[in-house]
Amino acid sequence: MSSSEHAETAARSEEMSTIKRRPGRRPGSADTRGEILTAARKVFAEKGFDKATVRGIAREAQVDPALVHHYFDTKEGMFVAAMQLPINPSELVPMLLEGPREDIGERLVRTILRVTAAPETREPMLALLRSAMTNEQAATMFREFITNALLFQVADRLEVPHLRIEAAFSQMFGMVMGRYVIKLEPLASADPEELVALLGPTVQRYLTG
C-alpha cells in the first residue's frame, strides 16, 4: 500500500472515530431537535402520552436518549413542544399553587383567558381540542396529558378529589369552546375580567368546597 493510501485510510479511521465519539446524533443531521419533535409526534399519536417514553422517542428519532433530555427536560415539555401547546405544566402548576388558596379559582380562569387571548397561542390548543373530539387517538393523547401531567398534579397538591379538578376543568373547557369555537355572544366578546369575576367563584368551589 502506498503512503498516500496509508494516509487516506488513517484519515477515514479518524473520521469514523470522531463520529462514534459524538453521542446521540446521526452524522449529517442538521436539525436534531426537529427530528426529535417529529418522532415525538408519531410516538405520542401511536402510544398516547402515558405509554410514550423518552427511550422510545429517541429510538424513533435514531438518537441517544441523553440527547432528548438535552433538548427537553421532561416528557411533558417535549409533548408541549411537539404539539405546540401554550401551556407547560412545569410552569403552570407552580403558578396556580402560589398565592392564597382562596384565590386559586380566579388565578386559573385568568390564566386560561390570558393564554387563549392571542391567536398564536390559542390556535394550537384549539386544534388539539378539535382533533380530540373527532379522533380517538388524539382524545387519548390529550386526556392522558391533561389529567396526569396537569390536573391530577394540582389536585394532589391541593388534596382534593380528582373528580373535583376534572369538574373545574370542564367549566374552563366549556368557556373556551363557547368563546372561541362556537363564538357565543356575549361570551365571545366579554371582557376577561368580567369572566374572571363570573367563573372564578364557581371554579373555586370545586377546588376548595
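Based on Cα coordinates alone, diagonalise the gyration tensor for region 166-209, multiply each eigenvalue by 5, take square roots, and list the semi-axes in whole Å, largest first.
In descending order, the three semi-axes are 20, 13, 5 Å.
In whole percent, and with a 1.4 Å probe on the protein chains, what portion of the accessible area of region 44-202 is carbon and sulfur?
About 54 percent, which is the carbon plus sulfur part of the accessible surface.
How far is it, in nm, from the label point at Ala117 to the one at Ala139 when both lie 7 Å from their Cα along the line to the Cβ?
3.4 nm
Please build a GNM for the chain, connecting alpha carbons under 10 Å apart, and tell me which residue among Gly48, Gly174, Gly56 fluctuates the most.
Per the Cα network of the chain with a 10 Å cutoff, Gly174 tops the list.
Determine the gain in length on full extension of the stretch Val181-Lys42; use 0.36 nm per residue of separation and subtract their C-alpha separation, reporting nm with one decimal.
Contour length minus the Cα-Cα distance gives 47.4 nm.
What dipole magnitude, in Debye to the nearest 20, does the chain give about its Cα centre under +1 on Lys/Arg Cβ and -1 on Asp/Glu Cβ?
Value, rounded to 20: 420 debye.
Please work out the Kirkwood hydrodynamic radius for the chain, using every pair of different C-alpha atoms, and report it in angstroms with one decimal place.
One over the average 1/r among Cα pairs gives 19.6 Å for the chain.
Would you mind working out the accessible area per residue for the chain, using a 1.4 Å probe, and quoting it in Å²?
Spelled out: the 1.4 Å probe surface of the chain, per residue, equals 57 Å².
The values are calculated or read from the model by the stated rules, or taken from the named source; none is laboratory data. Remember, it's a predicted structure, so these values are computed and weren't measured experimentally. Every residue, glycine among them, receives a Cβ derived from its backbone with ideal geometry; neighbour counts consider all protein chains shown. Please note that ligands, DNA and RNA were not included when accessible areas were found on the heavy atoms of the full protein model with its side chains. Shrake-Rupley method; radii C 1.70, N 1.55, O 1.52, S 1.80 Å.
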